[in-house]
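Working notes, structure below.
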């Protein structure tokens with residue numbers, strides 16, 4: 001069964017980058033130290049910022065990110081603080097190296113999901129994208145987490161480098177015992193933006209031909225599959241999550257974005273100063289969200305115009321959906 005996950009202001013989702021440092025150098029990494037900072041947040045600051053959003057919503061969810069969040073020596077303390085503050089769900093995104101013995105410092109009662117990143121069904125493709133040895137390390141990390149009773153997700157960032165291996169993921173996911181599978185579209189930001197005109201995002205025709213079919217195949221194994229909708233027909237309504245949902249992308253330098261497409265630019269609509277969350281002056285990302293254009297997502301039009309296609313009369317052939325709009329498929 002497939003459904004579009006609609007936006008809601010009833011829940012607050014916190015994507016919390018507690019550091020930008022990482023042990024890997026993935027080809028598509030979106031972290032931009034010039035825009036995001038290079039420091040690791042101290043435990044006291046993490047707790048203070050978590051408290052701001054816990055007080056904002058009784059249904060807040062937090063995903064701890066990096067860089068590689070398990071490299072932060074106080075990640076377990078951050079998890080336990082989020083639990084005490086009443087966060088509805090707690091997720092740790094990891095490359096699988098699981099530093100600082102994190103699996104022994106938290107329990108399945110503390111963490112709802114460990115979410116692992118793997119970008120190839122084969123060792124050759126994954127390690128070409130993420131670095132030599134990453135495939136085996138990630139698989140071992142997943143197996144260790146499952147053995148200890150943790151629920152696990154796997155994230156696969158689709159690009160022209162690995163789209164042809166996506167269909168091969170089904171038996172691997174089933175064999176590992178993965179609970180949820182996230183298919184991500186590659187964003188043209190961070191290292192991807194540095195790769196210039198090289199085509200990394202798959203075409204609209206490839207996306208629509210491959211992604212739904214693979215998602216249904218994997219869902220039939222009893223695994224929940226979530227992927228971005230990406231494209232809308234001209235008669236489908238467009239909604240911007242920045243206007244109709246509560247998503248916050250926090251970076252160690254205090255910047256807080258509402259849209260991940262904006263993260264390569266100083267367009268953040270909020271900022272932490274002295275542990276107080278403040279609005280930033282105009283013009284920022286929020287002012288752009290309010291623009292209504294026939295192509296759908298205004299940020300895509302500005303930052304990723306190659307995603308669009310036009311008829312001879314200059315009108316768009318389709319709309320690009322908000323990058324936060326997801327399809328969920330269950331078997």
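Determine whether segment 209-217 contains at least one residue that is on the phi > 0 side of the Ramachandran plot, at pLDDT 95 or above and within 19 Å of the chain's Cα centre (by Cα). Full working, then the answer.
In the first step, residues of segment 209-217 are kept if they are on the phi > 0 side of the Ramachandran plot; the result is none.
No: segment 209-217 contains no residue that is on the phi > 0 side of the Ramachandran plot, at pLDDT 95 or above and within 19 Å of the chain's Cα centre (by Cα).
Hey, could you check segment 297-320 for residues that are within 13 Å of residue 242 (Cβ to Cβ) and either touching a strand residue (DSSP E or B) at 6+ places or on another chain (Cβ under 6 Å) or in a strand (DSSP E or B) (or both) and say which is modelled with the highest pLDDT?
As a first pass, look at segment 297-320 and keep what is within 13 Å of residue 242 (Cβ to Cβ): 297-300.
Now narrow it down to the ones that are either touching a strand residue (DSSP E or B) at 6+ places or on another chain (Cβ under 6 Å) or in a strand (DSSP E or B) (or both): 297, 300.
Numbers: 297: 97, 300: 94.
Once the filter is applied, the top-ranked residue is 297.
Among residues of segment 86-99 being in contact with a helix residue (DSSP H, G or I) (Cβ under 6 Å, 6 or more places away or on another chain) and either in contact (Cβ under 8 Å) with a residue 60 or more places away in the chain or part of a helix (DSSP H, G or I) (or both), the one that is surrounded by the fewest Cβ atoms within 10 Å (Cβ to Cβ) is 99.
Mind counting the residues in segment 1-56 that are in a helix (DSSP H, G or I) and without any contact (Cβ under 8 Å) to a residue 12 or more places away in the chain? I'd like the intermediate steps shown before the answer.
The initial filter retains those residues of segment 1-56 that are in a helix (DSSP H, G or I), namely 33-36, 43-56.
Remaining after also requiring without any contact (Cβ under 8 Å) to a residue 12 or more places away in the chain: 34, 44, 55.
Of the residues in segment 1-56, 3 are in a helix (DSSP H, G or I) and without any contact (Cβ under 8 Å) to a residue 12 or more places away in the chain.
Residues that are out of contact with any strand residue (DSSP E or B) (no Cβ under 8 Å at 6 or more places or on another chain) and without any contact (Cβ under 8 Å) to a residue 24 or more places away in the chain were ranked within segment 236-275; the one that is farthest from residue 31 (Cα to Cα) is 237. Restricting attention to segment 16-39, the residues that are crowded, with 20+ Cβ neighbours inside 10 Å and closer than 14 Å to residue 254 by Cα add up to 7. Residues in segment 242-271 that are over 17 Å from residue 189 (Cα atoms) and either surrounded by fewer than 21 Cβ atoms within 10 Å (Cβ to Cβ) or over 14 Å from the mean Cα position of the chain (by Cα) (or both): 242, 243, 244, 245, 246, 247, 252, 253, 254, 269, 270, 271.
The values are calculated or read from the model by the stated rules, or taken from the named source; none is laboratory data. Just so it is clear, the model here is predicted, and its values are computed rather than measured. Here the Cβ is made from the backbone with ideal geometry for all residues, glycine too, and neighbour counts use every protein chain on show.
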